[in-house]
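These notes concern the structure reproduced below.
No value in this document is a laboratory result; all are computed from the given coordinates. Computed from a predicted structure; not experimentally measured. In this analysis, Cβ positions are derived from the backbone assuming ideal geometry, glycine residues included, and neighbour counts consider all displayed protein chains.
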Amino acid sequence: MAKKKSFPLRMDPKLYEILQVWAKDEFRSVNSHIEFLLREATKKAGRLPKSEDKKIGED
């Protein structure tokens, strides 16, 4: 498994609470849910090539 990049992320506590509930509803951790949302946003924006999508999802 490829090593993941770690970095600090600061956000509004209310936003974090919303993400925490949403992640729980989707049976994910907050971290993995944020990663999922970012991956979906990059696909929607056309910033993630199809070949990279499969690689990123395998990490």
Between residue 28 and residues 5 or more places away or on another chain, the pairs with built amide H atoms under 5 Å apart involve none
Label point 7 Å beyond Cα of residue 11 along Cβ direction - residues of the stretch 27-46 with amide nitrogen under 17 Å:
27-43
At what distance in nm do the modelled label points of residue 3 and residue 31 sit from each other, each positioned 7 Å from its Cα along Cα→Cβ?
1.5 nm
